[in-house]
Amino acid sequence: MAIHEECGVFGVYNPAGDCARTTYYGLYALQHRGQEACGIAAVNDRELSSHKDLGLVGDVFTEETLDALNGTMAVGHVRYATTGAGRRENAQPLTLKYVKGTLAVAHNGNLVNTQALRTQFEYRGGIFQTDTDSEIISYAIAQERLRCHSAEEALSRAMKHLRGAYSLVVMSPRKLIAARDPWGFRPLCMGRRGDAVMFASESCALDAVGAKYERELEPGEIVIVEDGTVKSLRENCQDATSNLCVFEYIYFARPDSEIAGQSVHEARVKAGALLAREHPVKADLVIGVPDSGLDAAMGYAAESGIAYGEGLVKNRYIGRTFITPDQRSRENAVRIKLGPLRSQVEGKRVIMVDDSIVRGTTSRQIVSLLREAGATQVHLRVSAPPFISPCYFGTDIPDKKNLIACHHSLEEIQEMIGADSLGFLSVKALSGMIPNAQCGVCDGCFTEQYPIEILK
């Protein structure tokens, strides 16, 4: 697996204060969504301050920085670069000062009309400090704020010009605002803890800070918190449709999160069960590739009646393989990241369940490790369909030239990986893995059919 994560956003209003620390713990729970950079912006007595840097949450923030931020409102962000290079300047939240005051903006997603908007703003004299689409969004909000009476109205107007994926938490000196794009590509939920109101990319972040999950924001909805009063604007919901990225269920989200009424853990278990029905094989043991392949492996084992076991041990002290700078480094990192349990796999026919195959190099390495540990057969089962197209909405799925399924048949991929058999979950089965989801999904990376036009 070499898919790059999303980003994660968190926001909190609490009249009792200490919001930066709450945001810190919320970001810790969302660390799986981005390990490149992180940041927190907070408001104290209507004064905005922030701290951000490259690195993990636990490394970037100290007791001193959190005490200095404090705040009765705060927004935070963990980043993986989908647009914009890995530079400190691109870390979020983005903070800006303009004639109407200050804003802090944290964004998860990716716009498809970034270049058109950037050119438009530059011809009006706009000067950009980063190369992210998040700054485009910030600039759009600030421009609209010059012509209207409130930050939420400015955001609502700006949304009419933004095309693509954006789950936002925005903070002015007086208001905390959350918004979701009209297509609902990226998740964003709301929760409460006493007088505190919180927003997060995933419900696991609310759990981490002791907040009670309340609901998902609707596609196109804007929620405003001001002095403890919560109100909702739904004028951009009129033509909205729900197209949540299905890969949130397959890979991105933490298994203890619930998105749109669907448990992520249960979705993955169900995907494994469907995979067992579609691609049965005789074997002695079912194992999962840590971490996101484990739940699907459990589902495969339960459905097939084949024993489930732990066959691969993950080194918890290194980053994911995509952090390494080139393909050779990624391949070498697999041996450091994963170790086979010889006592479990030796002399056995093994079914290995993973969440996806991108280039195929990581899968080949893992299959080789299992054979070296004595597995007599290795059957690879994938709890997602083959990737045939890039994602344009915030998932760093590579160009077609780097997608193995675009250039090779199933039989060729099987031979290249070195597996005894290979089976992918069908596109048709995707809806069956999320029976409780109260939303539609985007599966464009598997079908090349996108909810909105892609400007190429």
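The values are calculated or read from the model by the stated rules, or taken from the named source; none is laboratory data. All values derive from a computational prediction rather than experimental measurement. All Cβ positions, even for glycine, are placed from backbone atoms using ideal geometry, and neighbour counts span all protein chains on display.
Descriptive notes on the structure:
- Which numbered condition Ser167 fails, given (1) within 26 Å of Thr229 (Cα to Cα); (2) surrounded by fewer than 24 Cβ atoms within 10 Å (Cβ to Cβ): (2)
- Filtered residue count, the stretch 237-265, keeping only those that are closer than 17 Å to Ala179 by Cα and of a type in the set (A, V, I, L, M): 4
- Residues of the stretch 239-267 that turn out to be surrounded by fewer than 24 Cβ atoms within 10 Å (Cβ to Cβ) and among the β-branched types (Val, Ile, Thr), as a count: 1
- Residue under evaluation Asp291, criteria (1) free of Cβ contacts under 8 Å to residues at least 40 places away in the same chain; (2) touching a Phe, Trp or Tyr at 6+ places or on another chain (Cβ under 8 Å); (3) among the charged types (D, E, K, R), criterion not met: (2)
- Answer residue from the stretch 363-393, given it is crowded, with 24+ Cβ neighbours inside 10 Å and of a type in the set (Ser, Thr, Tyr) and is nearest to Cys245 (Cα to Cα) among those: Ser383
- Filter result for Glu453 (outside the structural domain of Arg186 (by TED's automatic domain parsing) and more than 23 Å from the chain's Cα centre (by Cα)): no
- Among the residues of the stretch 270-294, those that are in contact with a Leu (Cβ under 7 Å, 6 or more places away or on another chain), farther than 22 Å from Gly347 by Cα and buried (at least 24 other Cβ atoms within 10 Å of the Cβ) comprise Ala271, Leu275.
- Any hit, the stretch 61-71, residues being of a type outside the set (Phe, Trp, Tyr) and either closer than 30 Å to Pro398 by Cβ or touching a residue at least 60 places away in the same chain (Cβ under 8 Å) (or both): no
- Any hit, the stretch 161-171, residues being touching a Ser or Thr at 6+ places or on another chain (Cβ under 7 Å), among the hydroxyl-bearing types (Ser, Thr, Tyr) and not assigned by TED's automatic domain parsing to the domain that holds Tyr392: yes
- Of all the listed residues (Ala302, Ala307), the sole one being small (Gly, Ala, Ser), touching a strand residue (DSSP E or B) at 6+ places or on another chain (Cβ under 6 Å) and farther than 25 Å from Tyr392 by Cβ is Ala307.
- Ile306 being in a strand (DSSP E or B), touching a residue at least 40 places away in the same chain (Cβ under 8 Å) and buried (at least 19 other Cβ atoms within 10 Å of the Cβ): no
- Identity of the residue in the stretch 282-303, part of a loop (DSSP other than H, G, I, E, B) and among the charged types (D, E, K, R), that ends up modelled with the lowest pLDDT: Asp291
- Subset of the stretch 1-56 [among the polar types (S, T, N, Q) and over 30 Å from Pro385 (Cβ atoms)]: Asn14, Thr22, Thr23, Asn44, Ser49, Ser50
- Residue in the stretch 26-39 that is farther than 23 Å from Arg193 by Cβ and either in a helix (DSSP H, G or I) or among the hydrophobic types (A, V, I, L, M, F, W, C) (or both) present: yes
- Which numbered condition Gly228 misses (of (1) modelled with pLDDT of 95 or more; (2) under 22 Å from Ala16 (Cβ atoms)): (1)
- Residue in the stretch 109-126 that is touching a residue at least 12 places away in the same chain (Cβ under 8 Å), within 29 Å of Asp45 (Cα to Cα) and in contact with a strand residue (DSSP E or B) (Cβ under 6 Å, 6 or more places away or on another chain) present: no
- Test result for Ile224, over 22 Å from Lys428 (Cα atoms), touching an Asp or Glu at 6+ places or on another chain (Cβ under 7 Å), not aromatic (Phe, Trp, Tyr) and not in a loop (DSSP other than H, G, I, E, B): yes
- Number of positions in the stretch 234-244 that are under 10 Å from Cys439 (Cα atoms) and either modelled with pLDDT under 95 or among the polar types (S, T, N, Q) (or both): 3
- With respect to the conditions (1) under 30 Å from Pro182 (Cβ atoms); (2) assigned to a loop (DSSP other than H, G, I, E, B); (3) aliphatic (A, V, I, L, M), Ala74 falls short on a single one, namely (2).
- Ser49 falls short on exactly one of the conditions (1) closer than 18 Å to Ala196 by Cα; (2) assigned to a strand (DSSP E or B); (3) not charged (D, E, K, R), and that condition is (1).
Yes or no, residue by residue, for (1) over 18 Å from the mean Cα position of the chain (by Cα); (2) crowded, with 16+ Cβ neighbours inside 10 Å:
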position	(1), (2)
Asp67	yes, no
Met73	yes, yes
Gly76	no, yes
Asn90	no, yes
Lys97	yes, no
Gln115	yes, no
Thr119	yes, no
Glu122	yes, no
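- Taking helices (runs of 4 or more DSSP H) as the structural unit, those lying wholly within the stretch 390-456 and holding at least 2 residues that are more than 19 Å from Leu275 (Cβ to Cβ) and at pLDDT 95 or above correspond to 410-417.
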